[in-house]
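Trainee: Following this message is one structure expressed as structure tokens.
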Amino acid sequence: MQNNQTPRQTPPTGPTSMDKYMGRITLLLMSAFLIFGFGLLIYQLYALQIRDPESYRADAAEQQLSDEVLPAARGSIYGATGKLLAKSSVVWNIIADPSRCDQATVGQMGTKIGELLGIDGDEVTKKLSDEASQYKIIAKKVDMPTAKTVLDYAATLNEAAGKTVLSLTQEESSTREYPYGSFLASVLGFCNDEGSGFYGLEKSYQDTLAGTDGRSVSTQNAFGYELANDDADVHEAIDGLNLNLSIDEYIQGVVEQYLGKAVEDYNVQNRASAIVMNVNTGAVLAMATMPQFDPNTPYAIYDETLSGILEGGLLDAGTTATLQSRLGIAATADIVADGQISSKEYNTVQGMMREAQWKNKNITELYFPGSVFKLATAAAALDSGLMTVDQSFNCTGELTVAENSTQWKTTYHCAAAGEGTNTTVHGWQDMTTALNNSCNLYFIQVGQTLGAQLFYDYFEAFGFTGITGVDLPSETRWMKYYDEKTLGLSELASSAFGQAQKITPLQMATAVAAVVNGGYLVTPYVVDSITDASGNIVEQTSVSAKRQVISEEVSAQIRTMMENVVGEGAAGHSGRNAYVAGYRIGGKSGTSEQLDIPKRYDGDWRKASSFTAVLPINDPEIVVLVMLDDPRWNNDYASQIVAPVVGNIISDIAPYLGIERDPNYDTGAMVNIPNCVGNAWNDAQIALNKSGFGHKLMDGTGTIVYQYPYAGTSAPAGSTIYLYTLTDQDTMVTVPDVVGKTGSFAAQMLRAAGLN
């Protein structure tokens with residue numbers, strides 16, 4: 001039977017309440033996501049375009065632009081004859097941006113860079129690993145070929161990787177060079193590692209020499225390398241200006257030669273200084289401090305005495321006294337207390353020693369001038385009208401100065417009494433005789449005649465209470481002197497002969513210049529002019545006379561007395577050992593006791609021995625001042641050890657400067673050559689200077705064992721006598737072929753070969 005019933009159908013199932021709920025949740029989340037996304041986009045657009053556009057613009061510029069400093073070329077320093085004394089050369093610093101370097105390979109890259117630069121690869125790796133930094137100096141002062149090699153290495157790595165794995169750039173820099181090493185070092189000074197003047201002229205003329213750096217802004221690629229285009233914004237650097245010194249290289253060389261020889265010969269403990277200056281203009285022709293340091297490597301300790309003390313470490317009486325003298329009593333008090341330089345003190349002492357050797361002794365250190373100061377005392381007495389050159393005082397060998405009979409008293413003795421004479425006292429003497437005798441007791445009485453107020457007035461007028469104003473840094477302002485209120489009878493007495501007031505050698509030289517030039521106190525200077533790269537004069541130094549201290553009449557009287565001191569080299573004249581035949585020379589010696597520093601370990605006072613000379617004394621042109629600080633020889637009288645040094649300097653520089661000889665001197669005469677064999681080098685040079693001969697010491701120091709030409713023969717005035725201390729045999733040389741050469745060039749060739 002058929003079943004005709006229609007099959008039952010299942011009604012369609014609609015969304016459940018759960019499905020509807022999930023759908024709403026999904027829609028809500030999607031809407032929220034879209035709203036958040038659009039909101040974030042809108043916020044970012046707001047931040048980019050409204051809130052922080054400048055910040056993002058700066059970030060973009062930093063990534064796209066290269067901002068490079070264009071260093072200015074530091075100016076050069078030239079001597080008076082045009083020799084280049086200080087110059088700058090272009091070098092390069094290698095700079096890394098560690099934040100853009102691949103940290104996975106910095107070890108390998110650091111090792112390679114270290115090899116290319118010749119430096120420690122581990123240190124390079126350490127710098128490249130500093131991801132937080134965008135600027136690390138990998139190496140300084142690299143030459144161009146080496147810099148290019150390192151940058152090419154980085155470029156090769158980046159191109160192979162298709163991205164920046166090693167971000168290196170170069171930065172132009174400069175290095176300061178001093179072609180003649182230690183020559184004129186205490187005047188030139190030096191630059192620090194950043195290229196800024198640190199000492200000497202380099203410091204005092206820093207702004208003039210340095211110039212103004214420029215700037216270049218250009219686009220760069222993804223690897224940080226500059227793109228070639230014409231859109232770079234360049235502000236060119238303004239190069240520094242050049243200094244042209246009044247210091248003459250030849251005169252400076254002569255001064256350093258003889259001053260260095262004196263330091264060696266007389267075992268000078270606390271360096272020596274010398275000045276040659278034009279008395280009328282203040283132009284410094286030479287200024288030296290010996291021994292000297294090398295400004296190319298200024299941090300090395302060149303003073304063998306100081307270096308030996310530092311390395312030895314242990315301090316005995318001698319080394320302790322030396323440290324106290326060189327570095328200062330207060331500064332070394334704690335260091336010398338336990339008798340050794342500890343490891344903790346080593347760096348401190350090393351720094352103090354460096355500072356000590358850098359100092360220009362002519363302007364940074366004070367000394368008692370001793371009897372050279374009597375020139376100022378005599379000038380003051382004559383100019384005041386209280387005395388004449390004929391005024392006589394009695395020297396009995398001692399003089400007692402006392403406030404009154406019941407209080408203290410000081411007894412002075414005349415150290416020069418009897419020197420070179422058969423008497424024990426000078427007796428009655430006028431001013432000319434007293435200056436030649438260097439009689440302390442006479443000048444004590446001159447000081448008493450002046451009185452404290454008038455003495456101080458002239459002391460101040462001669463410039464001893466303030467700086468000279470020389471265009472060099474570090475001229476000491478810590479003067480040590482008694483003023484009119486503190487000049488008691490004893491202080492006045494000691495001051496009158498140069499044993500109480502401390503001054504600098506340059507102060508003394510400028511005062512001597514004033515004494516002899518008509519009375520005018522001039523401002524010394526070492527920079528004659530400033531020029532640009534084309535040689536145009538930007539600034540010219542002008543002569544500056546501060547005031548007239550004494551009258552021209554008194555100045556002429558002092559000159560006459562100074563010439564008598566030298567006395568054309570004749571016996572009985574205390575400055576005779578500074579005489580050079582044919583020249584009219586005036587001078588004065590000074591040997592002072594350094595009473596404010598510890599005695600030598602042998603119990604004697606340390607001495608400052610000095611001599612000043614002026615020539616031609618009838619029409620002064622130059623003053624020469626040499627000071628040896630603490631010489632150790634068989635005597636320390638300045639007239640015996642310093643006067644000959646001054647004479648040697650004059651014998652070389654006077655002809656060079658064209659200073660006229662006395663008309664009575666026959667420059668073409670044949671002169672008998674004195675015997676030097678058997679004499680000390682010191683005595684030999686004195687004899688030759690007085691005879692009108694040049695001289696050249698061919699080997700060591702000490703007693704002369706051979707000379708050429710021989711004693712007893714004749715040679716033209718001005719000929720050079722060659723002296724030997726180590727050999728008594730003729731030295732054979734090949735005579736150069738001078739045929740066809742000019743006379744002057746032939747003479748140079750012969751001198752270079754050691755021939756007359």
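Trainee: Here are some residues: ALA139, ALA160, ALA155. Which one is part of a helix (DSSP H, G or I), more than 30 Å from ALA286 (Cα to Cα) and open to solvent by less than 50 Å² (accessible area, probe 1.4 Å)? Walk me through how you get there before you give the answer.
Mentor: Numbers: ALA139 fails: part of a helix (DSSP H, G or I); ALA160 fails: open to solvent by less than 50 Å² (accessible area, probe 1.4 Å).
When all the criteria are applied, what remains is ALA155.
Trainee: Looking at region 93-104, is at least one residue surrounded by 14 or more Cβ atoms within 10 Å (Cβ to Cβ), modelled with pLDDT of 90 or more, assigned to a helix (DSSP H, G or I) and not small (Gly, Ala, Ser)?
Mentor: Yes: region 93-104 contains one or more residues that are surrounded by 14 or more Cβ atoms within 10 Å (Cβ to Cβ), modelled with pLDDT of 90 or more, assigned to a helix (DSSP H, G or I) and not small (Gly, Ala, Ser).
Trainee: To continue, here is another question. With (1) exposed (fewer than 15 other Cβ atoms within 10 Å of the Cβ); (2) part of a loop (DSSP other than H, G, I, E, B) as the list, and THR149 as the residue in question, which single condition is left unmet?
Mentor: Looking at each condition in turn, THR149 falls short on (2).
Trainee: Sticking with this one: Could you check region 234-284 and list, in sequence order, the residues that are aliphatic (A, V, I, L, M), closer than 25 Å to LYS83 by Cβ and open to solvent by 30 Å² or more (accessible area, probe 1.4 Å)?
Mentor: Selection gives LEU241 alone.
Trainee: Only one residue in ALA500, ALA514 is part of a helix (DSSP H, G or I) and either over 30 Å from LEU241 (Cα atoms) or hydroxyl-bearing (Ser, Thr, Tyr) (or both). Which one? Even if it seems obvious, please write down each step before you answer.
Mentor: Working: ALA500 fails: part of a helix (DSSP H, G or I).
Just a single option satisfies the conditions, and that option is ALA514.
Trainee: Right, another one. Of the numbered conditions (1) among the hydrophobic types (A, V, I, L, M, F, W, C); (2) touching a strand residue (DSSP E or B) at 6+ places or on another chain (Cβ under 6 Å); (3) open to solvent by 50 Å² or more (accessible area, probe 1.4 Å), VAL646 fails exactly one; give the number of that condition.
Mentor: It fails just one condition, (3).
Trainee: All but one of (1) polar (S, T, N, Q); (2) in contact with a helix residue (DSSP H, G or I) (Cβ under 8 Å, 6 or more places away or on another chain); (3) under 23 Å from VAL614 (Cα atoms) hold for GLN448, so report the exception by its number.
Mentor: Looking at each condition in turn, GLN448 falls short on (3).
Trainee: Condition first: of a type in the set (A, V, I, L, M), closer than 22 Å to LEU595 by Cα, modelled with pLDDT of 90 or more and assigned to a helix (DSSP H, G or I). Now tell me which residues in region 324-366 satisfy that.
Mentor: ALA356, ILE363
Trainee: Would you call TYR706 of a type in the set (Ser, Thr, Tyr) and either more than 40 Å from the chain's Cα centre (by Cα) or open to solvent by less than 30 Å² (accessible area, probe 1.4 Å) (or both)?
Mentor: Working: of a type in the set (Ser, Thr, Tyr): yes; either more than 40 Å from the chain's Cα centre (by Cα) or open to solvent by less than 30 Å² (accessible area, probe 1.4 Å) (or both): yes.
Yes, satisfied.
Trainee: Checking the structure you have, find out if any residue of region 548-564 is part of a strand (DSSP E or B), at pLDDT 95 or above and either of a type outside the set (Lys, Arg) or touching a strand residue (DSSP E or B) at 6+ places or on another chain (Cβ under 7 Å) (or both). If you could, list the steps in order and put the result at the bottom.
Mentor: Applying the first criterion (part of a strand (DSSP E or B)) to region 548-564 yields 548.
Add one more test, that the residue is at pLDDT 95 or above, and what stays is 548.
In the following step, the residues that additionally are either of a type outside the set (Lys, Arg) or touching a strand residue (DSSP E or B) at 6+ places or on another chain (Cβ under 7 Å) (or both) were identified as 548.
Yes, that holds for at least one residue.
Trainee: Quick one: how many residues across region 524-567 are within 29 Å of MET387 (Cα to Cα) and touching a residue at least 12 places away in the same chain (Cβ under 8 Å)? Give the steps one after another, and end with the answer.
Mentor: Narrowing region 524-567 to residues within 29 Å of MET387 (Cα to Cα): 545-567.
Then keep just the ones that are touching a residue at least 12 places away in the same chain (Cβ under 8 Å); that gives 545-552, 554-555, 557-567.
Qualifying residue count, region 524-567: 21.
Trainee: When residues of region 120-169 are filtered for being of a type in the set (Asp, Glu) and in contact with a strand residue (DSSP E or B) (Cβ under 7 Å, 6 or more places away or on another chain), how many remain? Show your work before the answer.
Mentor: Of all residues in region 120-169, those of a type in the set (Asp, Glu) come to 120, 122-123, 130-131, 143, 152, 159.
Subsequent filtering for residues that are in contact with a strand residue (DSSP E or B) (Cβ under 7 Å, 6 or more places away or on another chain) retains 130, 143.
Count: 2.
Trainee: Can you find a residue in region 345-357 that is more than 25 Å from LYS203 (Cα to Cα) and surrounded by fewer than 19 Cβ atoms within 10 Å (Cβ to Cβ)?
Mentor: Residues of region 345-357 more than 25 Å from LYS203 (Cα to Cα): 345-346.
Narrowing the set further to residues that are surrounded by fewer than 19 Cβ atoms within 10 Å (Cβ to Cβ) leaves 345-346.
Yes, that holds for at least one residue.
Trainee: Can ALA321 be described as in contact with a Phe, Trp or Tyr (Cβ under 6 Å, 6 or more places away or on another chain) and assigned to a helix (DSSP H, G or I)?
Mentor: Numbers: in contact with a Phe, Trp or Tyr (Cβ under 6 Å, 6 or more places away or on another chain): yes; assigned to a helix (DSSP H, G or I): yes.
Here the answer is yes, as ALA321 does meet what is asked.
Trainee: Are any of the residues in region 249-271 in contact with a Gly (Cβ under 7 Å, 6 or more places away or on another chain) and not hydrophobic (A, V, I, L, M, F, W, C)? Working first, answer last.
Mentor: Our first condition is that a residue be in contact with a Gly (Cβ under 7 Å, 6 or more places away or on another chain); within region 249-271, this holds for 249.
Keeping just the survivors that are not hydrophobic (A, V, I, L, M, F, W, C) gives 249.
Scanning region 249-271 turns up at least one residue that is in contact with a Gly (Cβ under 7 Å, 6 or more places away or on another chain) and not hydrophobic (A, V, I, L, M, F, W, C).
Trainee: Same structure, new question: Return the residue satisfying two criteria in turn: it lies in region 379-398 and is open to solvent by 40 Å² or more (accessible area, probe 1.4 Å) and not in a loop (DSSP other than H, G, I, E, B), and of such residues it is modelled with the lowest pLDDT.
Mentor: Looking only at region 379-398, we keep the residues that are open to solvent by 40 Å² or more (accessible area, probe 1.4 Å), and these are 383, 385-386, 388, 390-392, 394, 396, 398.
Now restrict to residues that are not in a loop (DSSP other than H, G, I, E, B): 383, 394, 398.
On the way: ASP383: 98, ASN394: 96, GLU398: 90.
Here the residue is GLU398.
Trainee: Next question. Go through region 658-688 and give me each residue that's crowded, with 17+ Cβ neighbours inside 10 Å, outside any loop (DSSP other than H, G, I, E, B) and of a type outside the set (A, V, I, L, M).
Mentor: Scanning region 658-688 gives TRP681, ASN682, GLN685.
Trainee: Listed residues VAL401, VAL372; which is touching a strand residue (DSSP E or B) at 6+ places or on another chain (Cβ under 6 Å), open to solvent by less than 40 Å² (accessible area, probe 1.4 Å) and not in a helix (DSSP H, G or I)? Give the derivation first.
Mentor: Details: VAL372 fails: not in a helix (DSSP H, G or I).
The conditions single out VAL401.
Trainee: Within region 428-453, can you find the residues that are touching a strand residue (DSSP E or B) at 6+ places or on another chain (Cβ under 6 Å) and either in a strand (DSSP E or B) or closer than 22 Å to ALA571 by Cβ (or both)?
Mentor: Selection gives TRP428, CYS439, TYR442.
Trainee: Restricting attention to region 731-738, does a residue exist that is at pLDDT below 80 and assigned to a helix (DSSP H, G or I)?
Mentor: no
Trainee: Quick one: what pairs do we get from region 569-585, first residue at pLDDT below 95, second among the β-branched types (Val, Ile, Thr) and in a loop (DSSP other than H, G, I, E, B), C-beta under 8 Å, 6+ apart or different chains?
Mentor: What qualifies is GLY572/THR421; GLY582/THR667.
The values are calculated or read from the model by the stated rules, or taken from the named source; none is laboratory data. A quick note: this is a predicted structure, and the numbers were derived from the prediction, not measured. Note that we place each Cβ from the backbone using ideal geometry, even for glycine, and neighbour counts take in every protein chain shown. What goes into the accessible areas is simple: the full protein's heavy atoms, side chains included, and nothing from ligands, DNA or RNA. Shrake-Rupley method; radii C 1.70, N 1.55, O 1.52, S 1.80 Å.
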